[in-house]
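Worksheet: one structure, shown below.
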Amino acid sequence: VDTRAANAGLGGKKMKSAGHCLIASITPFHSVIRFGRFSSNLFYGSSSKPRTLCAYHQSSKLHSASLMAVAAERYPPPWFSVAPMMDWTDNHYRTLARLISKKAWLYTEMIAAETIVYQTGNLDRFLAYGPEQHPIVLQIGGNKLENLAKATQLATPYGYDEINLNCGCPSPKVAGHGCFGVRLMLDPKFVAEAMSVIAANTNVPVSVKCRIGVDDHDSYNELCDFIYEVSSQSPTRHFIIHSRKALLNGISPADNRKIPPLKYEYYYALLRDFPDLQFTINGGITSIEEVNAACTEGAHGVMVGRAAYGNPWQILGLVDSAVYGAPLRSITRRQVLEQYQVYGDSVLRIYGPRPTVREVVRPLLGLFHAEPRNVVWKRAVDAAFRHCTTIKSLFEETLGEIPDEVLDAPITEVPSGSTDTFIKAKSLLPPPYTVNEEELLYA
């Protein structure tokens with residue numbers, strides 16, 4: 001992530017208390033919103049007609065709902081998605097993922113708005129993807145409205161199915177030095193402005209990926225304040241909820257994925273308290289069994305992260321049949337690798353020295369997870385990186401380490417059984433959220 005231009009200071013801002021949000025009315029997207037110092041036509045289209053804000057943005061709400069309906073018709077729910085992961089969900093991984101699952105929603109790794117704006121002569125390197133990757137969501141990050149607007153404009157011709165704003169990354173480079181990612185949860189008013197800016201510069205739905213809280217701002221009411229203000233002051237109807245809070249005390253992103261406890265009850269309470277919004281559950285879900293259990297308990301969508309990267313065959317291989325009800329595919333890992341090899345050799349070094357053989361092969365290292373001789377094969381691959389110049393030559397040298405019965409075995413059915421994790425979560429719901437109308441601030 002290029003964070004050199006992301007230096008706005010949001011560190012001292014706090015989450016709003018219940019009900020402190022702006023109220024007004026809204027006209028369709030392609031007008032100018034008056035946000036104090038932010039009123040550039042660049043943000044909101046070319047029309048010079050002013051518009052004000054109103055609680056629940058009736059026209060933009062309807063427009064956003066219609067866009068979501070179109071998306072639902074093309075890609076019907078329940079939605080399963082692979083989480084955006086920095087340095088992991090790149091074009092190579094997404095190509096592999098789509099060879100295995102035809103229906104899973106794929107997310108790009110987070111791309112800083114500044115990177116897009118300052119790389120206008122090199123956009124394909126960051127934004128291009130194969131048409132087979134649909135449905136695909138672009139995740140962007142940033143804290144400057146002008147750059148978010150321009151980045152969205154530049155990305156729109158690439159035809160993503162949704163634009164997502166990262167409000168959940170706890171990395172020190174992002175939430176610390178960059179002052180965006182999860183730190184944006186401390187400023188819901190800005191997030192609402194940012195989502196309105198993004199929506200005004202694209203013709204697809206927009207969404208927010210966030211945590212359930214930040215540091216001591218971790219109560220259910222504070223999470224609801226964030227959801228309420230963003231959804232009532234912008235066209236945002238879809239939120240991806242990572243069901244852990246973030247700790248900005250210097251711990252690593254890896255520790256932020258396991259030290260704060262999971263609170264799925266917050267997610268299910270949001271379903272109860274915001275019935276007109278769409279919520280995807282994320283965090284700690286590592287199997288198709290758990291995906292289906294979350295959906296059985298009412299989840300609108302389920303997002304899986306590292307498990308889908310580290311064990312793509314057993315996760316993505318079962319999505320189409322177990323989640324979407326499609327016939328179980330008869331494809332084998334050998335067939336996937338044959339197709340991936342054609343892709344891999346076609347993209348090697350298209351940007352000068354990159355991508356390298358190592359970069360293209362890296363997403364494959366989980367393909368034989370828990371299979372016989374997997375460790376031996378990975379050692380052979382690591383040695384082959386030193387001299388192989390094509391994906392084909394690397395496969396020819398190393399795949400003999402994997403037994404034929406593994407290479408040629410089709411995807412197997414999801415194991416029977418269920419988990420009561422989400423049933424227990426629903427028994428722990430916090431009290432319903434209510435907005436204190438007497439404390440509302442009018443714009």
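The values are calculated or read from the model by the stated rules, or taken from the named source; none is laboratory data. Everything numeric here is computed off the predicted structure, so don't read it as measured data. Note that each Cβ is placed from the backbone with ideal geometry, even for glycine, and that neighbours are counted across all protein chains shown. These accessible areas exclude ligands, DNA and RNA; they are computed on the full protein's heavy atoms, side chains included. Shrake-Rupley method; radii C 1.70, N 1.55, O 1.52, S 1.80 Å.
On the basis of being of a type in the set (D, E, K, R), without any contact (Cβ under 8 Å) to a residue 40 or more places away in the chain and surrounded by fewer than 14 Cβ atoms within 10 Å (Cβ to Cβ), does R354 make the cut?
It is true that R354 is of a type in the set (D, E, K, R), without any contact (Cβ under 8 Å) to a residue 40 or more places away in the chain and surrounded by fewer than 14 Cβ atoms within 10 Å (Cβ to Cβ).
Restricted to region 314-348, and to residues that are touching a Pro at 6+ places or on another chain (Cβ under 7 Å) and assigned to a helix (DSSP H, G or I), which residue is nearest to S393 (Cα to Cα)?
V347
Condition first: under 18 Å from P410 (Cα atoms) and of a type in the set (F, W, Y). Now tell me which residues in region 356-386 satisfy that.
Matches in region 356-386: F368 only.
Does L328 meet the test of being open to solvent by 10 Å² or more (accessible area, probe 1.4 Å), among the hydrophobic types (A, V, I, L, M, F, W, C), over 17 Å from the mean Cα position of the chain (by Cα) and at pLDDT below 95?
yes
Please state which one of A113, A97 is more than 24 Å from I350 (Cβ to Cβ), modelled with pLDDT of 95 or more and under 16 Å from the mean Cα position of the chain (by Cα).
Numbers: A97 fails: more than 24 Å from I350 (Cβ to Cβ).
Within the list A113, A97, the selection yields A113.
Output the number of the condition that N311 fails; it satisfies all remaining conditions of (1) touching a Pro at 6+ places or on another chain (Cβ under 7 Å); (2) in contact (Cβ under 8 Å) with a residue 40 or more places away in the chain; (3) not basic (K, R).
If we test N311 against (1) touching a Pro at 6+ places or on another chain (Cβ under 7 Å); (2) in contact (Cβ under 8 Å) with a residue 40 or more places away in the chain; (3) not basic (K, R), just (1) comes out false.
So S321 fits all but one of (1) touching a helix residue (DSSP H, G or I) at 6+ places or on another chain (Cβ under 7 Å); (2) open to solvent by 10 Å² or more (accessible area, probe 1.4 Å); (3) within 27 Å of I100 (Cβ to Cβ); what number is the exception?
Status for S321: all satisfied but (1).
Out of the residues in region 375-434 that are of a type in the set (D, E) and not in a loop (DSSP other than H, G, I, E, B), which is surrounded by the most Cβ atoms within 10 Å (Cβ to Cβ)? If you could, list the steps in order and put the result at the bottom.
So in region 375-434, the residues of a type in the set (D, E) come out as 382, 396-397, 401, 404-405, 408, 413, 420.
From the residues that got through so far, the ones that are not in a loop (DSSP other than H, G, I, E, B) too are 382, 396-397, 401, 404-405.
Working: D382: 13, E396: 13, E397: 15, E401: 17, D404: 10, E405: 9.
Ranking the candidates gives E401 first.
With the requirement that a residue be touching a helix residue (DSSP H, G or I) at 6+ places or on another chain (Cβ under 7 Å) and within 20 Å of T280 (Cβ to Cβ), what does region 112-134 give you?
Q133
Determine which single condition Q341 fails, assuming it passes every other condition in (1) open to solvent by 20 Å² or more (accessible area, probe 1.4 Å); (2) at pLDDT 95 or above; (3) within 20 Å of the chain's Cα centre (by Cα).
Condition not satisfied by Q341: (3).
Of all strands (runs of 3 or more DSSP E) completely enclosed by region 86-174, which ones contain at least 1 residues that are touching a Leu at 6+ places or on another chain (Cβ under 7 Å), in contact (Cβ under 8 Å) with a residue 12 or more places away in the chain and surrounded by 18 or more Cβ atoms within 10 Å (Cβ to Cβ)? It would help to see each step written out before you state the result.
Details: elements: 105-107, 136-141, 162-167.
So the answer is 136-141, 162-167.
Within the group A175, A155, which residue is at pLDDT 95 or above, within 14 Å of A112 (Cβ to Cβ) and of a type in the set (G, A, S)?
On inspection, the qualifying residue turns out to be A155.
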